[in-house]
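Engineer: Below: one structure in structure tokens.
All of the numbers you see were taken from the coordinates with simple rules; none came from a lab. None of the values given here were measured: they were computed from a predicted structure. Cβ placement follows ideal geometry from the backbone for every residue including glycine, while neighbour counts extend to all protein chains displayed.
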Amino acid sequence: MSRVGKKQISVPSNVQVTITEGTLKAKGPKGELFVTIPPEISFSNENNVLTFARTSDQKDIRALHGLTRALSANAIEGVLNGFQRNLIIEGVGYRAEMRSGRLFLSLGYSHPILFIPPSGIEFNVPAPTQIQVKGIDKHLIGEIASKIRRLRPPEPYKGKGIRYEGEQIRRKAGKSAGK
């Protein structure tokens, strides 16, 4: 049995969960999200506790069991509290700023890079070297944070670039002194 799939999800009182025709809809104070539930996964909602079960023990259905439960838990958490991913910019002259809801990045290129947030995503720049990506959809936040990081990934010699908060960059030694 899937360890993740058999965990129960307790639904808070200010989140409404409705399941119709293979789709879970979570509506809360921050918005609403939809999760598609495969037909091989059965579910029940009793006393604001969601449980998931699978119909067979095939490998791909076992994988769907845990995945469906995790996506449903993320949707409920997202509409209740939301998610946030922090990025840190390192390098001389590298900085970020917000102008009229758009993110402008100076990353050592000959031009500033404009990044327009998609719907449901909000950027916040508390300091010129920090970016916060906020929203209710955990998958979309991770994807947008990854796109921003790919603009200038951290390099291993000086550590310059954009990295996730808490990410450890393996540093390499530079050139050794000549004889």
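Engineer: Three principal axis extents, largest first, for the C-alpha atoms of the stretch 1-82, in Å?
Structural biologist: 38, 22, 22
Engineer: If R0 is 25 Å, what FRET efficiency do you get for Gln16 and Thr51 from their C-beta distance, rounded to 0.05?
Structural biologist: 0.90
Engineer: Cross-link candidates for Lys158: which lysines have Cα within less than 22 Å, leaving aside residues fewer than 8 places away along the same chain?
Structural biologist: Lys147, Lys172, Lys175
Engineer: As I understand it, the value is the acute angle between the Cα axis of helix 59-80 and the longest principal axis of the Cα atoms of the chain; what does it come to in degrees, rounded to 10?
Structural biologist: Once rounded, one gets 70 degrees.
Engineer: What is the calculated FRET efficiency for Glu97 to Tyr164, with r their C-beta to C-beta distance and R₀ = 22 Å, to the nearest 0.05?
Structural biologist: 0.65
Engineer: Pulled fully out, how much extra length does the chain show between Gln84 and Arg150, if you take 0.36 nm times their separation in residues and subtract their Cα-Cα distance?
Structural biologist: Working: separation 66, 0.36 × 66 = 23.76 nm, distance 1.81 nm.
Extra length available between Gln84 and Arg150 comes to 21.9 nm.
Engineer: For Asn124 and Glu40 in the same chain, what is the full-extension length gain: residue separation times 0.36 nm, less their Cα-Cα distance, in nm?
Structural biologist: 26.2 nm
Engineer: Expressed as an acute angle from 0 to 90° and rounded to the nearest 10, what is the orientation of the C-alpha long axis of helix 138-151 relative to the principal long axis of the chain?
Structural biologist: Orientation of helix 138-151: about 20 degrees from the principal axis.
Engineer: Also, I was wondering about something else. Evaluate the relative contact order of the chain (contact order divided by residue number), counting alpha-carbon pairs under 8 angstrom at least 6 apart; express in whole percent. Please list the in-between numbers first.
Structural biologist: On the way: 330 pairs, mean separation 31.8, N = 179.
It comes to 18 percent, rounded to a whole number.
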